[in-house]
Every structure is written in C-alpha cells, then in structure tokens.
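In what follows, a single structure is set out as structure tokens and then discussed.
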Amino acid sequence: MKAWIGQHRRRVGLALAGLALALGVWRSLPDPLFAAPLSTVLLARDGTLLGARIADDGQWRFAPAGPVPEKFRRALIAYEDKRFEHHPGVDPLAMARAIRLNLQQGRVVSGGSTLSMQVIRLARGERRRGYVEKLIETLLALRLELGYGKDEILALHAGHAPFGGNVIGLEAASWRYFGRAPDQLSWAEACTLAVLPNSPALIHPGRNRERLQAKRDRLLRQLQADGALNAIDLDLALREPLPAEPLPLPQLAPHLLETLRAQHPGRHRLRTTLDARLQAAASAIVRERAAALARQDIHNAAALIVDNQRFEVLAYVGNNEWSVNNERGFAVDLIRRPRSTGSILKPFLYAAMLDAGEILPGTLVADVPTQYGGYMPENFDHGYRGAVPAEVALAQSLNVPAVRMLRQHGVQRFYDYLRQLGMSTLTRKPDDYGLTLILGGAEATLQDVAAMYANVAALARHNAPGAPAPYRRLQVLATEDGAPGAAAASGPAAEISPGAAWLTLRALLEVARPNEEGYWKSFASSRRIAWKTGTSWGLRDAWAVGNTTRHTVAVWAGNASGEGRPGLTGATAAAPILFELYNRLEPADWFAAPTLHLKEVAVCRNDGYLANGNCEVEQQWAPRDSHFDQLSPHNVRVHLDRSRRQRVDSSCERVAHMSHANWFVLPPGQEFYYRRHHGDYRVLPPYRADCAAAAPARGPIEFLYPTPGTRIYIPVDLAETRSRVVFEAVHRERETALHWHLDDAYVGSTRTFHQRALDVPVGVHTITVVDPQGHRLSRQFEVLAQERR
C-alpha cells in the first residue's frame with residue numbers, strides 16, 4: 001500500500017508539474033506580443049500612403065494593416081516555411097533536417113525555425129542563441145498557434161520582420177524600396193522582400209547585389225515550379241532590376257498629418273477621406289502658384305476641396321511647403337489657423353436678410369459716405385455708387401452697403417447666426433466686433449469657412465418638401481472601419497433656407513466683378529461657379545471660395561507671419577489658385593432652382609421694393625417663408641405743367657392742365673453718386689415759381705458729411721497747426737447755391753460743389769445749409785479733444 005501511495009504521489013506530482021509547465025507556457029506569451037513604438041502613417045481613402053512619421057526609436061515601423069497580400073504570402077511561405085499551413089508551429093521535418101546539416105558542417109548553418117518560431121524570436125527581441133533559447137521558442141510557437149490563426153501569424157511576421165537599415169515590416173519596406181503599397185508589388189518585388197528578413201543586410205546599395213538577386217531569382221523559379229506563375233511571368237520577373245537606394249516616403253499632406261497626430265496621439269494609422277491623385281495635383285498647384293507669389297513677398301497659401309454631397313475633404317493643402325524648422329511659417333497648418341475674414345462673410349449676411357424679409361435680391365441699398373460712431377467704412381475702390389441692388393452689392397463686394405445692411409440686421413443677431421453656422425472662432429463679445437464683423441473684424445479658419453460655404457451649396461440643392469438636413473461638419477478622417485463616406489457629424493438645425501441659399505449662390509454667379517476682378521467672369525465662363533473673394537485690412541489675408549453642385553473649393557493666401565503686401569488681394573492672389581483647382585475637377589451642372597422653397601413677388605424693376613402702382617413691375621424670387629413688406633419709397637407719382645419741365649399741384653394749376661408721370665427719385669445724397677453711374681437717371685423737376693408754397697415730401701438737400709451722430713477728432717501737427725473739418729452737402733439742383741452757417745453764424749456760400757473747410761472748436765455744434773428757395777438742413781456734431789500728430 002505504501003508503494004502504491006508513493007507511486008500515486010509521484011504521478012500527481014508529475015501531473016501538477018506538467019500542469020504548471022503548461023500554465024507557465026500559456027502565460028509566457030508576451031502581452032502585447034509586440035510593444036515597440038510605431039510610426040504614424042497617413043493614408044488616402046483608397047489606402048495610398050500620403051505621409052508618415054518615423055517611430056520614436058528611429059525605425060520605420062508601420063502599424064499592422066490587415067491580411068498579407070497574396071503574392072508576398074506565397075513567396076514568404078515558399079522561402080521560409082513550406083509546410084506553414086499544416087504544422088502546429090513546429091516543423092519536425094525541418095528541425096531534423098537542420099540538425100543533420102549542422103552536424104555535417106560542424107557549425108550552425110540552419111535553425112529549422114518556422115514562421116511561428118520567427119514571430120516569437122522577433123517578439124522576444126535580441127537574445128543569445130542556443131539550445132535553451134530554441135526550446136523556449138519552440139514552446140512559445142506552439143502556444144502562439146493555439147491563440148492565433150495562420151493569417152494572423154503571417155501578418156505579425158510581415159509587420160515586424162527586419163528589411164534592412166531602419167526599415168521594419170512589409171508595408172514600410174514596400175514604400176521605401178518600391179514606392180508603392182504591398183498589394184501592388186510585382187512577383188519580382190514580392191520575392192525580393194520575401195528573402196530580405198533572412199538576410200536584411202543584402203539590401204545595402206552597392207553591396208551584395210549578386211547574392212540578393214540570386215536568392216530572388218531562385219525563389220521566382222521555385223514559385224514557377226509550384227505553379228504560382230507561368231513561364232512568361234517568370235521571364236519578365238527575372239528581367240526586373242533590384243531596388244536602388246531607399247526612396248523617400250510621400251509627403252503629400254504633411255500639415256494634416258501633424259494636425260491629426262496631435263489630435264489623436266494614440267492612433268498610428270490615420271485613414272482619411274482624401275483622394276490621393278487630387279491631393280497630389282492640388283499640392284502641386286498651390287506650390288507652383290505660391291512660388292510665383294513669392295516674387296511679391298507673399299510666401300504662404302493653403303487650400304481645401306470638399307465633396308458637397310458627402311461632406312468629405314478630398315484635398316487638404318495646409319501650406320504650400322513643408323519645413324521642420326518652420327522657415328517662413330511653412331510648418332504651420334494654415335487651414336486651422338484663424339485669419340481675418342475680409343469680405344468672406346458677406347454672403348451669409350445677405351442670406352440672413354433674405355430669410356428675415358429685410359431685403360429682396362434687387363432691393364436698393366445706399367452706397368454713400370457713411371459713419372457710425374467714428375467708424376467710416378470705404379469701398380475697395382474708394383468710390384460710391386449712390387444706391388445698388390443688394391445682389392450687386394454682394395457680387396461686387398461693396399463694403400459700405402454691407403456695413404449699412406449689418407446695422408439694419410443687427411450685430412448681435414448676425415453674430416449668433418454665424419456661430420450657429422459653425423464659425424468656431426468668435427470668442428469675443430458681439431460689441432467688441434461691432435460693425436467691423438462684416439469687413440474682417442473677426443477671424444475664421446479656412447476649415448470653418450469651407451464648411452459654411454459647403455453647407456450653403458448643400459441647402460441650395462434641397463428641393464424636397466420639409467426642412468433640409470441639419471448643418472454638417474467636414475469629415476477628413478474615415479470611419480473606424482476605414483470606409484469613407486459615413487455621414488459627417490451633424491450640427492444644429494439649418495438656419496439658412498434652401499431658397500436663400502440658392503439666391504445667394506445665384507448672386508455670386510451672375511453679376512460681373514468690378515475693376516481687377518472683372519476678367520475672371522470670362523475666364524470662368526466655361527464653368528458655372530459661384531465664388532467670393534475677401535481681402536483683409538492692411539492686405540494681410542486673401543480669400544477665395546467657390547461653389548458648384550459637386551465641390552466647394554476654399555483658398556487662402558498671404559504670409560503666415562501676418563505681414564501685409566501690396567497686391568495681396570483675394571482676386572489677384574487667391575482666385576487664380578481657386579480656378580486652377582476647379583480646372584482639375586469634373587465640371588458640374590448648375591443648381592436647379594429649389595422652387596418648393598421659393599415664391600415670386602411683384603417688385604418695382606428699378607429699386608427692388610414691392611410694387612406700389614407707380615413703377616414698371618417685374619417678378620423676383622424670394623425665400624418661401626420670408627415676409628418682405630416694404631413698398632417702393634423711390635417711385636412716386638408727380639404732377640407736371642404742360643411743358644412737363646416743372647412740378648405743380650392743385651394750389652397753382654388746374655387739374656385739367658396737368659400731366660402726370662411716374663418718377664424714380666432717390667434721396668439727394670444717393671442721387672448725387674447714382675447719377676455718375678447712370679446717365680439715364682432723370683432728376684426730379686423743380687416746382688414752378690408760383691407753386692413755391694407747395695412743400696415737397698423730401699427736401700432737396702442732404703449732408704454727405706457729417707453724418708448723424710458724428711464725433712470728430714481734430715489733430716494738431718508738429719507745427720501746432722490745427723486741421724480743419726471739411727463739411728460736404730449735395731443739392732438736387734446741381735447749380736444751386738448753398739449758404740453755410742455754423743451755430744447760426746454765416747461762414748460762406750458754395751455753388752455746384754458744396755464743400756466747406758472750417759475751424760471748429762471743441763464741443764457740440766450745429767452746421768446748417770440754406771438754399772435760395774429757403775430749404776434748410778441742419779446737422780449736429782461734436783468735436784472731441786485735440787490730438788497731436
């Protein structure tokens with residue numbers, strides 16, 4: 001009995017030891033299997049490599065990318081482990097063969113390692129070779145096969161095998177030596193890489209070329225014997241040269257790569273929505289155009305191309321050059337950098353006012369000298385047009401009408417509207433921006449601007465019943481499963497109606513640009529593109545954004561340092577890049593009118609207000625849910641004498657002797673400038689002398705300066721000379737004299753050109769002008785404390 005008990009204990013002990021050994025082997029597999037630092041790679045939507053950053057240990061080691069391509073798989077198995085698909089991690093036949101060869105040679109010439117054992121060796125790192133180490137690799141290889149499939153083991157080997165120099169893994173080697181992805185390798189290229197992990201030093205340029213080629217060719221012939229390729233394929237493969245020096249990795253989107261690395265530090269494979277070919281073409285265009293701009297000391301440019309249907313970024317050019325040391329700001333991702341907006345926000349004010357019922361496309365907006373609390377906007381050409389249709393003011397990017405429109409709409413209201421549209425850079429209070437919000441007082445990123453314009457294009461296409469989709473944000477990273485095209489993250493409900501969006505884009509398409517921008521109309525005549533430029537104060541930022549049904553293209557040009565330069569305007573610096581980018585895109589049909597979201601209203605043809613019975617009528621589109629209710633204030637019914645040269649009324653002329661006419665009449669200030677641009681404008685006839693008692697509805701005099709509420713600083717120069725204030729007025733009858741009074745004291749008269757320069761002390765004053773008929777107009781203003789120049 002004692003003997004039996006002892007034998008039983010020994011058996012139990014052996015079983016427990018075996019169990020402990022098995023448990024130890026099971027737990028001995030490293031977790032994670034590979035912990036070496038990884039490179040960060042940026043991929044296009046189709047998997048094309050756009051760029052990469054080396055791992056922290058100085059190796060090009062890409063993160064695993066899925067199954068091993070078939071050509072490399074067959075080549076690797078044929079070269080390294082012919083029975084890989086059938087053994088359990090250890091190949092007894094290969095081990096026996098290795099022992100026999102080693103005994104015959106008196107040294108180690110073959111290790112008999114399977115691919116599974118090689119994976120274990122790679123995972124354990126540099127270890128001293130010996131029989132104990134071989135035993136450990138054998139046990140761990142068996143354990144590896146229990147936890148991983150054959151495809152997974154092949155992928156682990158391909159992803160972590162050395163390929164010479166600092167190149168680790170198949171994908172890095174494929175790009176470094178052949179400039180293409182592993183699944184695009186030829187048979188010769190796949191075989192070259194298959195033999196390298198066994199002898200990675202063979203890839204050294206200028207050395208070992210014959211040995212490397214001999215190994216590759218021997219493998220090719222073996223594959224041909226196994227039926228993997230035919231005789232013609234073999235002949236062609238044998239003729240292919242070996243790779244020369246390692247190729248530089250692509251740098252097609254370096255700024256996006258750095259931006260995404262910072263945003264996603266734990267991700268090493270960044271699959272994007274970018275189109276590789278379009279990205280390469282866009283980068284080349286921006287680089288070439290920026291090189292020409294550099295002759296004007298304009299050194300930076302950036303561009304985005306957006307798919308308007310899927311809201312995916314197709315091209316992302318963060319800067320025209322890449323420089324690690326940030327020379328001339330080339331390391332800055334300018335797509336994400338806030339810059340002064342210039343006029344680029346004007347279309348959104350136009351759309352907001354259309355929806356609010358404050359304007360119609362043809363509604364006249366005043367374009368005269370304007371001052372609000374010391375802020376006096378000017379048009380780019382320093383001229384005035386008197387009055388312009390709202391859609392023309394937008395297309396010609398006139399500053400004065402835009403400021404007047406914003407004052408009518410409200411700064412707070414427009415500020416909230418922009419934030420609702422996704423403008424993320426409005427960090428100050430609305431009052432801090434004031435009326436400059438529409439002329440570059442705020443900053444925006446090219447990314448936000450592109451998204452806002454892309455949403456307008458998407459809304460303009462919506463012609464279905466019901467509300468349009470919510471605003472969408474741009475998508476540059478593909479979904480986790482690597483499939484581009486998933487819906488971009490949605491924002492709040494749309495604030496712009498489809499009708500207002502379509503009318504806004506139509507305004508940016510149909511009206512020719514003034515001065516230096518005019519030639520672009522004919523340049524783009526073959527493609528219908530709605531586009532808008534912007535130029536910030538001080539010529540620091542140039543913008544151009546365009547829309548078609550399929551694409552939004554947004555461009556910024558300038559200096560990353562913020563330095564302004566002569567000629568740095570949206571039309572001359574950014575627009576040429578915009579149109580060249582559009583030339584690389586497929587043409588698109590123009591936006592069909594979203595008639596379900598539009599209505600027709602009857603307006604006066606000459607001023608765009610609702611018809612009042614005194615004008616020629618035309619139909620204009622308006623957003624369906626807008627409620628514009630302003631009758632024309634400029635078309636009036638006048639009564640004339642028989643000569644039709646003078647006005648009369650019933651107090652001085654019999655009705656039977658009167659003739660009647662509809663007359664288009666602007667306020668005197670607007671009329672003064674409007675007549676310069678419209679030779680057909682008819683001045684309202686004066687009253688006949690015996691009808692002088694008849695009071696006109698509006699006086700014939702208007703001040704151009706000062707405007708209501710003006711506060712004036714009068715500078716004093718170094719010679720202690722006080723500057724004068726220049727007052728200006730207009731009269732409907734150009735040759736009429738005006739008599740000027742300051743605080744009831746007569747200070748002189750003017751005729752035809754009514755300007756008067758006066759010395760005015762500090763304080764509140766009243767300037768008054770009187771014409772010979774007794775019409776008078778007064779304006780109060782304040783002179784503030786003097787400033788020394």
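Whole Å is fine, so just give me how far the alpha carbon centre of the stretch 388-414 lies from that of the stretch 572-631.
Using only Cα atoms to place each centre, the spacing works out to 15 Å.
Which order, highest average first, do 370-377, 446-453, 35-42, 351-358 follow once you tally other Cβ atoms within 10 Å for each residue and take the mean per peptide?
Highest mean packing first, the order is 446-453, 351-358, 35-42, 370-377.
Using all C-alpha to C-alpha distances in the stretch 425-473, build P(r) with 10 Å bins and read off the rounded percent in each one.
22, 35, 30, 12, 0
Given R₀ = 25 Å, what would the calculated FRET efficiency be for Tyr681 paired with Val726, taking r from the Cβ atoms and rounding to 0.05?
Calculated transfer efficiency: 0.40.
Under 4.7 Å Cβ to Cβ, no partner at all: give me those cysteines from the chain, in residue order.
Cys191
Just want to confirm a number: the relative contact order over the chain, from Cα pairs under 8 angstrom separated by 6+ residues, in percent.
Contact order relative to length: 10 percent.
Once the Cα atoms of the stretch 564-688 are picked out, what are the Rg and Dmax in Å?
Considering the stretch 564-688 through its Cα atoms, Rg and Dmax are 23.0, 72 Å.
Counting only protein heavy atoms and a 1.4 Å probe, tell me what percentage of the chain's accessible area is made up of carbon and sulfur. Please report the intermediate quantities before stating the final value.
Working: 18840 of 36550 Å².
In the chain, the share of accessible area belonging to carbon and sulfur is 52 percent.
Please pull out the direction-averaged projected area of the chain, using the convex hull of its alpha-carbon atoms, in nm² to one decimal place.
Taking a quarter of the hull surface, the average projection is 53.8 nm².
Where only protein heavy atoms count, and the probe is 1.4 Å, what is the accessible area per residue for the chain in Å²?
The answer is 46 Å² per residue.
Each label point is 7 Å from the Cα along the Cα-to-Cβ direction; what then is the distance between the points at Ser323 and Asn198, in nm?
Calculated label separation equals 4.9 nm.
Can you count the Lys pairs in the chain with C-alpha separation below 30 Å, eight or more apart or on different chains?
Lysine pairs satisfying the spacing and distance rule in the chain number 18.
Across every pair of different alpha-carbon atoms, what Kirkwood hydrodynamic radius in Å does the stretch 539-613 reach?
Its Kirkwood hydrodynamic radius stands at 15.8 Å.
Limiting things to C-alpha atoms, what are the Rg and the maximum Cα-Cα separation (Dmax) for the stretch 205-254, in angstroms?
14.8, 45
Filter the chymotrypsin sites (Phe, Trp or Tyr not before Pro) in the stretch 593-640 down to the DSSP loop ones having no more than 16 other Cβ atoms within 10 Å, then list what survives. The partial results should precede the final answer.
On the way: sites: Tyr609, Trp621, Phe628; in loops: Tyr609, Phe628.
Within the stretch 593-640, no chymotrypsin sites (Phe, Trp or Tyr not before Pro) qualify (loop, at most 16 other Cβ atoms within 10 Å).
Assign unit charges at the C-beta atoms only (+1 for Lys and Arg, -1 for Asp and Glu), then state the dipole size of the chain relative to its Cα centre in Debye, rounded to the nearest 20.
Details: 93 positive and 80 negative charges, 586 e Å.
With Lys and Arg at +1 and Asp and Glu at -1, about 2820 debye.
The values are calculated or read from the model by the stated rules, or taken from the named source; none is laboratory data. These figures come from a predicted structure and were not determined experimentally. Backbone-built Cβ (ideal geometry, glycine too); neighbour counts: all protein chains shown. The area values use the complete protein model at the heavy-atom level, side chains included, leaving out ligands, DNA and RNA. Shrake-Rupley method; radii C 1.70, N 1.55, O 1.52, S 1.80 Å.
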